[in-house]
1. Filter the range 34-45 down to the residues that are more than 15 Å from the chain's Cα centre (by Cα) and in contact (Cβ under 8 Å) with a residue 24 or more places away in the chain, then identify the one that is farthest from residue 121 (Cα to Cα).
2. Within the range 112-126, which residues are loosely packed, with under 14 Cβ neighbours inside 10 Å and touching a residue at least 24 places away in the same chain (Cβ under 8 Å)?
3. I'd like the residue in the range 56-106 that is surrounded by 19 or more Cβ atoms within 10 Å (Cβ to Cβ) and over 29 Å from residue 122 (Cβ atoms) and, out of all such residues, is modelled with the lowest pLDDT.
4. Any idea which of (1) part of a strand (DSSP E or B); (2) under 28 Å from residue 31 (Cα atoms); (3) touching a residue at least 24 places away in the same chain (Cβ under 8 Å) is the one residue 129 doesn't satisfy?
5. Specify which of the listed residues (76, 48) is within 17 Å of residue 155 (Cβ to Cβ), over 18 Å from the mean Cα position of the chain (by Cα) and in contact (Cβ under 8 Å) with a residue 12 or more places away in the chain.
6. Name the single residue, out of those in the range 76-89 being out of contact with any helix residue (DSSP H, G or I) (no Cβ under 9 Å at 6 or more places or on another chain) and not in a strand (DSSP E or B), that is nearest to residue 34 (Cα to Cα).
7. I'd like to know if the range 45-55 contains one or more residues that are modelled with pLDDT under 90, outside any helix (DSSP H, G or I), on the phi < 0 side of the Ramachandran plot and surrounded by 10 or more Cβ atoms within 10 Å (Cβ to Cβ).
8. Scan the range 136-150 residue by residue and report those that are touching a residue at least 24 places away in the same chain (Cβ under 8 Å) and either out of contact with any strand residue (DSSP E or B) (no Cβ under 9 Å at 6 or more places or on another chain) or part of a strand (DSSP E or B) (or both).
């Protein structure tokens, strides 16, 4: 009887893992490099730091990560994270948050719903982080030393629709 119960438990776990991984859409490193090549070379006079460009496969359930940063002192950080474990939480917050809280604000960037949060740095600079779920991919954009309006203007130069097409 114990063997049958253990077999049933093992079968349930195996089928759960299979269902989770078979429904996930993923991008490979080649697609990640195409996304990186499609990102703008400048965002409001902040030029890209080409030496910091990265495309790599992460470990665990996270898929490919695409990283680019811009600027000098007030860096802009842009990441595209496929199969991010945070995506379900962010989608839930976007759907269930009818009014803006003190920690997060729901906004729109290029027609996509996004979550923006204020950050504080060690050097007394105010910053913002934008979280945009697209398909099964999370786009994050972070900057310090800008006003929220400046930050959102810069965020609107991110080609979110292109990322959405490449991550289907």
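The values are calculated or read from the model by the stated rules, or taken from the named source; none is laboratory data. This structure is a prediction, so every number in the text was calculated from the model and none was measured. Here the Cβ is made from the backbone with ideal geometry for all residues, glycine too, and neighbour counts use every protein chain on show.
1. Among residues in the range 34-45 that are more than 15 Å from the chain's Cα centre (by Cα) and in contact (Cβ under 8 Å) with a residue 24 or more places away in the chain, the one farthest from residue 121 (Cα to Cα) is 34.
2. 119
3. 63
4. Of the numbered conditions (1) part of a strand (DSSP E or B); (2) under 28 Å from residue 31 (Cα atoms); (3) touching a residue at least 24 places away in the same chain (Cβ under 8 Å), the odd one out for residue 129 is (3).
5. Details: 76 fails: over 18 Å from the mean Cα position of the chain (by Cα).
The match here is 48.
6. 83
7. Checking the range 45-55: not a single residue is modelled with pLDDT under 90, outside any helix (DSSP H, G or I), on the phi < 0 side of the Ramachandran plot and surrounded by 10 or more Cβ atoms within 10 Å (Cβ to Cβ).
8. Across the range 136-150, the qualifying residues are 137, 138, 139, 140, 141, 142, 143, 144.
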